[in-house]
Amino acid sequence: MTYDLVIKNGLVVTASARYAADIGVREGRIAAIADDLHGALELDARGCYVIPGGVDIHVHMQMPLGEDLISADDFFTGTRAAAFGGTTAIIDFVEPEPDESLLQALAKRRAEADPRVVIDYGLHMTLGPAQMSRLDEAPAAYNMGCGSFKLYMAYDFRLYDGQLMQAMEAVRDAGGWPVIHAENWDVITTLVRRNLAAGRTSPHWHPRSRPAALEGEAAGRAIDIANYIKTPLHIFHVSCHSVVERISAARAAGWPISGETCPQYLFLTEDAYDTPGVEGTLPVCAPPLRPQKDQDALWLALARNDLQLVTTDHCPFTRAQKARGQDDFSKIPGGVPAIEMRLAGVYQGVVRGVFSLNRWVELCSAAPARLAGLNRKGDIAIGYDADLVIFDPERRVTLSTDFLHENVDWTPFEGLELQGWPRVTINRGEIIVQDGEFLAKAGRGRFVSRRYDSLSPHALFSHA
Ligand code: DUC
Ligand code: ZN
């Protein structure tokens with residue numbers, strides 16, 4: 001029996017196994033895992049790992065941030081960069097306008113994404129203050145494929161504690177998964193005002209206005225509310241030990257809580273804000289970069305399963321966009337590019353002996369797919385989408401703006417040397433990047449409808 005595509009001679013690595021085998025692909029799915037397979041097209045993966053495609057469940061493409069500000073990667077450039085880095089599925093966001101229904105907002109976001117995406121994607125539905133009168137629409141959004149719902153404790157989307165509880169109840173009752181940006185907004189706004197009034201306007205004051213201890217407090221409060229109403233909860237972009245402690249305490253108590261961190265927190269520290277001029281504005285993101293001891297705690301948390309996955313919060317702005325806040329750190333648009341280097345970046349945990357090859361796949365593919373309800377992704381098994389990466393563990397790269405494909409004129413990882421880089425990226429059986437060449441077309445990616453069906457997020461948690 002022949003296959004459309006066969007990947008030969010590689011070492012297959014999943015979250016739970018590693019073995020030498022060929023993989024046969026038919027009609028976009030994995031159809032065989034065996035020795036000596038043959039197909040219409042054959043790729044030689046000798047010396048490489050064959051892993052499930054990366055799954056990044058937290059990205060912001062063309063995200064509007066105020067009137068004339070939009071994040072610099074659109075759904076084409078951002079997913080192309082993702083593909084170069086070995087990511088085959090992302091989850092972005094729907095952010096409804098106050099007068100829109102959830103379904104109108106979903107349709108609008110899909111109209112932006114569908115013609116542009118080159119890899120598969122899903123959408124989290126945002127529930128902000130303006131959606132508090134629309135919580136009864138949550139089941140409809142869920143039924144249209146938004147399996148997860150984003151809640152904020154910061155910015156204009158910020159929900160007060162009572163609202164958080166009501167929104168979590170609505171998500172729970174719809175069968176969905178709440179995901180949250182946890183920071184203490186009252187403390188942040190007070191510190192920002194105080195620092196600016198005292199003339200402390202440089203990016204140095206950005207992390208000093210968003211204290212780690214209060215990120216921990218906010219996460220703990222959200223976790224307590226979730227536990228009170230008995231819903232799972234996922235904590236976005238954990239930057240510090242203080243949040244890790246809350247998540248690991250909750251999990252030790254058996255609560256269905258999970259957390260993620262991002263490459264910026266794993267590779268950068270808050271000193272980056274002290275670089276003079278516009279350079280110091282570039283790595284502004286929220287939560288902010290932290291001291292080295294937090295970075296060390298995050299790597300350890302990934303190894304110990306105190307954190308379950310790595311996303312990017314990819315949300316790049318150009319130098320010119322960042323420069324708007326050079327004289328007032330509170331006006332710097334928050335967000336950094338990271339979508340392309342995530343898979344190889346996290347692989348450094350294997351290179352440095354922090355965790356195993358299997359754990360790397362768990363953190364970058366299996367856990368995000370499982371928790372986000374991408375039920376045919378994140379593993380190499382018969383019937384799964386043929387989302388596969390041939391990863392060369394010996395290739396050494398030095399990250400730079402020229403090397404990467406994100407649509408921005410800087411990278412926070414300039415000069416970072418990595419061991420290991422993807423050679424080939426395959427999404428649903430189609431080779432989309434091969435040896436540095438982009439082979440896909442805008443719009444070939446598909447919206448993936450995410451439902452938990454009979455497997456509730458509670459049940460999913462037991463595997464996390
Ligand atoms: N934080 C950022 O830095 N950017 C995008 C959104 C967020 O929460
Ligand atoms: Zn985000």
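The values are calculated or read from the model by the stated rules, or taken from the named source; none is laboratory data. Given the structure is predicted, the values throughout are model-derived calculations rather than measurements. Cβ: placed from backbone, ideal geometry, glycine included. Neighbour counts: every protein chain shown. With ligands, DNA and RNA removed, areas are computed over all heavy atoms of the protein, side chains included. Shrake-Rupley method; radii C 1.70, N 1.55, O 1.52, S 1.80 Å.
Residue-wise test of (1) without any contact (Cβ under 8 Å) to a residue 60 or more places away in the chain; (2) outside the structural domain of residue 184 (by TED's automatic domain parsing); (3) surrounded by fewer than 21 Cβ atoms within 10 Å (Cβ to Cβ); (4) of a type in the set (Gly, Ala, Ser).
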{"position": "261", "(1), (2), (3), (4)": "yes, no, no, no"}
{"position": "281", "(1), (2), (3), (4)": "no, no, no, no"}
{"position": "313", "(1), (2), (3), (4)": "no, no, no, no"}
{"position": "318", "(1), (2), (3), (4)": "no, no, yes, no"}
{"position": "331", "(1), (2), (3), (4)": "yes, no, yes, no"}
{"position": "341", "(1), (2), (3), (4)": "no, no, no, no"}
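Is it fair to say residue 82 is assigned to a loop (DSSP other than H, G, I, E, B) and within 16 Å of ligand 2 (Cβ to nearest atom)? No; evaluated as a whole, the condition is false for this residue.
Filtered by the rule that a residue be among the β-branched types (Val, Ile, Thr) and part of a helix (DSSP H, G or I), the range 221-240 gives 223, 225, 229.
The residues listed here are 125, 165, 153; of these, the one that is at pLDDT 95 or above and more than 16 Å from ligand 2 (Cβ to nearest atom) is 165.
Here is a yes/no grid of residues against (1) in contact with a Pro (Cβ under 6 Å, 6 or more places away or on another chain); (2) of a type in the set (Phe, Trp, Tyr); (3) within 16 Å of ligand 2 (Cβ to nearest atom):
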site: 242; (1), (2), (3): no, no, no
site: 316; (1), (2), (3): yes, no, yes
site: 333; (1), (2), (3): no, no, yes
site: 338; (1), (2), (3): yes, no, yes
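Of all residues in the range 49-71, those satisfying the criterion of being within 12 Å of ligand 1 (Cβ to nearest atom) and surrounded by 24 or more Cβ atoms within 10 Å (Cβ to Cβ) are 58, 59, 61, 71. Every residue in the range 176-194 that is open to solvent by 40 Å² or more (accessible area, probe 1.4 Å) and either among the aliphatic types (A, V, I, L, M) or within 16 Å of ligand 2 (Cβ to nearest atom) (or both), please. Scanning the range 176-194 gives 185, 187. A Cβ distance below 8 Å, combined with a sequence gap of six or more or placement on separate chains, defines the contacts here; from the range 400-419, residues that are in contact (Cβ under 8 Å) with a residue 60 or more places away in the chain reach residues that are open to solvent by 40 Å² or more (accessible area, probe 1.4 Å) and part of a loop (DSSP other than H, G, I, E, B) in the pairs 407/74; 408/401; 409/401; 410/401; 411/401.
Taking the stated definitions as given, is residue 326 touching a helix residue (DSSP H, G or I) at 6+ places or on another chain (Cβ under 7 Å), free of Cβ contacts under 8 Å to residues at least 60 places away in the same chain, assigned by TED's automatic domain parsing to the domain that holds residue 368 and surrounded by fewer than 19 Cβ atoms within 10 Å (Cβ to Cβ)? Spelling it out, residue 326 is indeed touching a helix residue (DSSP H, G or I) at 6+ places or on another chain (Cβ under 7 Å), free of Cβ contacts under 8 Å to residues at least 60 places away in the same chain, assigned by TED's automatic domain parsing to the domain that holds residue 368 and surrounded by fewer than 19 Cβ atoms within 10 Å (Cβ to Cβ). Evaluate the range 42-55: report whether one residue or more is outside any loop (DSSP other than H, G, I, E, B), out of contact with any helix residue (DSSP H, G or I) (no Cβ under 6 Å at 6 or more places or on another chain), within 16 Å of ligand 2 (Cβ to nearest atom) and of a type in the set (Phe, Trp, Tyr). The answer is no; no qualifying residue exists. The residue that is most open to solvent (accessible area, probe 1.4 Å), counting only those in the range 195-233 that are within 16 Å of ligand 1 (Cβ to nearest atom) and under 21 Å from the mean Cα position of the chain (by Cα), is 212.
Looking only at the range 234-249, decide whether some residue is modelled with pLDDT of 95 or more, open to solvent by 10 Å² or more (accessible area, probe 1.4 Å) and among the aromatic types (Phe, Trp, Tyr). No, there is no match, as no residue in the range 234-249 is modelled with pLDDT of 95 or more, open to solvent by 10 Å² or more (accessible area, probe 1.4 Å) and among the aromatic types (Phe, Trp, Tyr).
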